[in-house]
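Notes follow the structure.
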């Protein structure tokens, strides 16, 4: 074995298709879409922006729901990054529901 991943290269990241999938998944989580952001009970908790220069998605996730939240930033360049973002949003939503 030469450690080349079995001869298979991962498919190129289609940021525009991934953005469409993310939007659908966030709506499925009962978040309201407002422009480039998603809100929970009127408070912005996620923002997504397509970066066309490098096929990627810039994402911001609120640390907690607030009118002016503190943000954690992520750059999504692969499908794995996309899954990690959705997992993180789900964890935070569950935590915010518990904390109320």
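Laboratory data are not the source of any read-out in this text; all were calculated from the coordinates shown. All figures in this text were calculated on a predicted structure; none of them were measured in a lab. Cβ atoms come from the backbone with ideal geometry, glycine included; neighbour counts cover every protein chain shown.
Could you check how many residues of segment 67-100 are in a loop (DSSP other than H, G, I, E, B) and closer than 21 Å to residue 10 by Cβ? Give the derivation first.
Narrowing segment 67-100 to residues in a loop (DSSP other than H, G, I, E, B): 67-70, 77-78, 100.
Remaining after also requiring closer than 21 Å to residue 10 by Cβ: 77-78.
Total meeting the criteria: 2.
Looking at the structure I just gave you, is residue 75 surrounded by 11 or more Cβ atoms within 10 Å (Cβ to Cβ) and in contact with a strand residue (DSSP E or B) (Cβ under 9 Å, 6 or more places away or on another chain)? When the stated conditions are applied, residue 75 passes them.
Among the residues of segment 19-66, those identified as assigned to a helix (DSSP H, G or I) and surrounded by 13 or more Cβ atoms within 10 Å (Cβ to Cβ) are 19, 21, 22, 23, 25, 26. The residues of segment 50-76 that are touching a helix residue (DSSP H, G or I) at 6+ places or on another chain (Cβ under 9 Å), farther than 16 Å from residue 90 by Cβ and without any contact (Cβ under 8 Å) to a residue 40 or more places away in the chain, listed by number, are 50, 51, 52, 54, 75. On inspection, residue 87 passes the criterion of being under 11 Å from the mean Cα position of the chain (by Cα) and surrounded by fewer than 12 Cβ atoms within 10 Å (Cβ to Cβ).
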